[in-house]
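> The following block contains the structure, expressed as structure tokens.
The values are calculated or read from the model by the stated rules, or taken from the named source; none is laboratory data. Only a predicted model underlies this, so the values are computations on that prediction, with no experimental measurement involved. Note that we place each Cβ from the backbone using ideal geometry, even for glycine, and neighbour counts take in every protein chain shown.
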Amino acid sequence: MRFLIVHNAKAGFGSDAIFAFERALLKGGDECVMRVIGDTLPSLDALSDAEDFDRVIVSGGDGTETSMLYQLRNRAVRTCIFPSGTANLLFANLGNAPEPSAIARACRAGRTALCDLGEISWTDRQGERRTRGFSLMSGTGYDADIMRAALPNKQAMGEAAYFFAALTNPRPTVLSFRIKVDGKSYERNGIACLVANNAMMQGDIEIVPDSRMDDGLLDVIVLETSDAAQLLRPLAAGILDPSGHSVGRPFIENFQGRHVKVATSTPVPMQIDGEVISSQINSYEARVLERANELIVDRMSRYAKDGEETREETGEMAFPDA
Ligand SMILES: [Mg+2]
């Protein structure tokens, strides 16, 4: 088999788990190309010949992985997500077993799920139209403030940085949002309006229940609170009831759709998958890229379809050594 690993060595805490993965992955007769992305090798160049490989492994944090998935959209490349970042929320949402050897086994076995990607567009301060892919949550408001406050600590504290930052900003601005979902208009007051392709955050908490990245729909999430103390209620509900099916989510309203437009009363910060986009923006548009990526899943993943176990999955060998 031919493998391509595209690895961001600067991701997370500089973990070398990718090398344990590579060791577990390769068998006699295989060929493996590893490209380390950085200033001299942008990820765009690293993926230009992705179709020439049986599997492409994208290794990094959520940001790197998402930009690679966006480049691989609709290219029918069997893609394996390898978690090398601090939070690895995309990998957590996919639900594969995290051990490098288990990921290697799933990668060889080649079971895949067709997954959606989000695409978000906005106009920057210079008046230029910009577009990016997202795999988790993006949007405007308080959430972007949390991310901005968390950034200096993100490397050292990992995901705990976000909660720390939330508690240092007890009085977020209440905004009025004009929201259009597949042509239907809503007006809501709240502190953030997000679009989600995946709605599970740190601690396995689902911000809204039943969000999936294979249903061809984005979730629109409005945080209709006016202070951080109220924001703690849905967070607490999330801890008591991670799936959101029994307690529900106080102060959170959600819609689903394929095409979403959000405008705010005043310019506000925007974040894309946890990264704050510096410009203050008035509006954004998001759409779902349905079944854009063919992602490797193991049998335990919530995205695995039923079917026969393959030899690689059971660990049985085709030609066992005598
Ligand atoms: Mg969905």
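Yes/no matrix, rows are residues, columns are (1) in contact with a Ser or Thr (Cβ under 8 Å, 6 or more places away or on another chain); (2) within 16 Å of the ligand (Cβ to nearest atom); (3) in the same structural domain as G274 (by TED's automatic domain parsing):
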| position | (1), (2), (3) |
| --- | --- |
| N74 | no, no, no |
| V77 | no, no, no |
| S84 | yes, no, no |
| E99 | no, no, no |
| Q126 | no, no, yes |
| R130 | yes, no, yes |
| L136 | yes, yes, yes |
| T140 | yes, no, yes |
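> Then there's this: Quick one: count up the residues across segment 260-282 that are among the small types (G, A, S) and at pLDDT 95 or above.
1
> Any residue at all in segment 115-132 that is in contact with a helix residue (DSSP H, G or I) (Cβ under 9 Å, 6 or more places away or on another chain), within 20 Å of F3 (Cα to Cα) and surrounded by fewer than 19 Cβ atoms within 10 Å (Cβ to Cβ)?
For segment 115-132, residues in contact with a helix residue (DSSP H, G or I) (Cβ under 9 Å, 6 or more places away or on another chain), within 20 Å of F3 (Cα to Cα) and surrounded by fewer than 19 Cβ atoms within 10 Å (Cβ to Cβ): absent.
> G257: within 20 Å of the chain's Cα centre (by Cα), more than 16 Å from the ligand (Cβ to nearest atom) and modelled with pLDDT of 70 or more, yes or no?
no
> Going by the structure shown, is P170 at pLDDT below 95 and within 13 Å of the ligand (Cβ to nearest atom)?
no
Conditions (1) of a type in the set (D, E, K, R); (2) assigned to a helix (DSSP H, G or I); (3) touching a strand residue (DSSP E or B) at 6+ places or on another chain (Cβ under 9 Å), marked per residue:
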residue: K27; (1), (2), (3): yes, no, no
residue: V33; (1), (2), (3): no, no, yes
residue: I57; (1), (2), (3): no, no, yes
residue: N74; (1), (2), (3): no, no, yes
residue: I81; (1), (2), (3): no, no, yes
residue: F91; (1), (2), (3): no, yes, yes
residue: A102; (1), (2), (3): no, yes, no
residue: C107; (1), (2), (3): no, yes, yes
residue: D116; (1), (2), (3): yes, no, yes
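> Let me ask something else about it. Looking only at segment 173-219, count how many residues are surrounded by fewer than 22 Cβ atoms within 10 Å (Cβ to Cβ), among the small types (G, A, S) and over 19 Å from M270 (Cβ atoms).
4
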